[in-house]
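Just so it is clear, none of the values below were taken in a lab; they were calculated from the coordinates. In this text the structure is predicted, and so the values were computed from the model without any measurement. All Cβ positions, glycine included, derive from the backbone under ideal geometry; neighbour counts span all protein chains shown.
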Amino acid sequence: MSSSRLTPAAAALLTIPPFLWAANAVVGRVAVDLISPVTLNFFRWALAFLILLPLGGWVLRSGSGIWTHWRRFALLGLLGVGLYNALQYLALQTSTPLNVTLVASSMPLWMLAIGRLFFQAPVSRQQLAGVALSIAGVALVLARGDLAQLARLRLVPGDLYMLAASICWAWYSWLLSRRAEPDGIRADWAAFLLAQMVYGLAWSGALAGGEWALGSGRLYWGWPLAAILAFVAIGPAVIAYRCWGMGVQRAGPAVAGFFSNLTPVFAAIMSTLFLGESPRWYHAIAFALIVAGIVVSSRR
């Protein structure tokens, strides 16, 4: 199990994925009318697979370890590739970004709970305090400075999809912290991610086939969809997963989980930059609370 020491390099690595995930949520919402959610997930990872193939394609050869360790890679592929983003895109079909982000803010809780129950990881009072500070910051952003808005939230099926996605990601992150594959694969980031994609594409392909069999599939080709697929494959898929994997190895999954709560802060910043919304006082306070939660939870 990796150490839970948070270094500046680890903090930088763990900050990049929330930024890209915030953009992914915005793009995923835009794509609702162009492509069905599970199909979007499949094409996203198919394109990411082609991007990484020249870099880590050697892992597909016999004797590399990907086939003898198929159970581990199949589980990583199911959780990180097949389910997480498919559930997130499904959530955006019926839930509002406000609800989806609020449900996703439970990530640190699931990180600590899964670590304690299945990986015998201790939970400290500092980590619990960090959870409280971090979620308080997220709630402040989502309530737009008026906490009474939180009492008016109503759960819909999309919120349950996002809850399931958060649990999948927490489990996936803990599995990343356990070194159970050959050193050659672990040392080559492209090969390690590609090994997960091999099985993840099988899972996501089966789920997309089910979507079309149920009559829910839709696909409208054009330049807007091509641009969306290129972005979600390169940014939130390849780059974000690469940085998250390295960050989890350096800081540990429990500490890494707190960084996911930076996503709504980045979403607010993007709204300011691209939608012309003026920054508000609560953005600064929320950012301070989330960072305080990260600092408190990572203290030794």
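Using per-residue counts of other Cβ atoms within 10 Å, averaged over each peptide, order 46-57, 251-262, 80-91 from highest down.
Values: 46-57: 16.3, 251-262: 28.1, 80-91: 25.7.
Descending packing order for the listed peptides: 251-262, 80-91, 46-57.
Using only C-alpha positions, report the orientation-averaged shadow area of the convex hull of the chain, nm², one decimal. Before the final figure, lay out the partial values.
On the way: hull surface 62.5 nm².
Reported value for the Cα convex hull: 15.6 nm².
So how strong a dipole does the chain carry about its Cα centre when Lys and Arg Cβ are +1 and Asp and Glu Cβ are -1, to the nearest 20 debye? Please report the intermediate quantities before stating the final value.
On the way: 20 positive and 8 negative charges, 140 e Å.
Rounded to the nearest 20 debye, it is 680 debye.
Debye calculation, C-alpha points only, no solvent: report log10 I(q)/I(0) for segment 207-255 at q = 0.28 Å⁻¹, in the same order as the q values.
With one equal scatterer per Cα and no solvent, log10 I(q)/I(0) is -0.95.
I'd like the Kirkwood hydrodynamic radius of segment 35-94, using the inverse of the mean 1/r over distinct C-alpha pairs, in Å.
Numbers: mean 1/r = 0.0775 Å⁻¹.
Mean inverse Cα-Cα distance, inverted, gives 12.9 Å.
Among 107-113, 193-199, 30-36, 290-296, how do they line up by average Cβ neighbours within 10 Å per residue, starting with the highest?
Top of the packing list down: 193-199, 107-113, 290-296, 30-36.
How high is the relative contact order of the chain? Use alpha-carbon pairs under 8 Å, at least six apart in sequence, and give a whole percent. Numbers along the way, then the final one.
Numbers: 436 pairs, mean separation 129.4, N = 300.
Relative contact order for the chain comes out at 43 percent.
How large is Rg/Rh for segment 109-231, to two decimals, with Cα atoms and a Kirkwood Rh? Display every interim value, and only then the final one.
Details: Rg = 19.7 Å, Rh = 18.8 Å.
Rg/Rh for segment 109-231 comes to 1.05.
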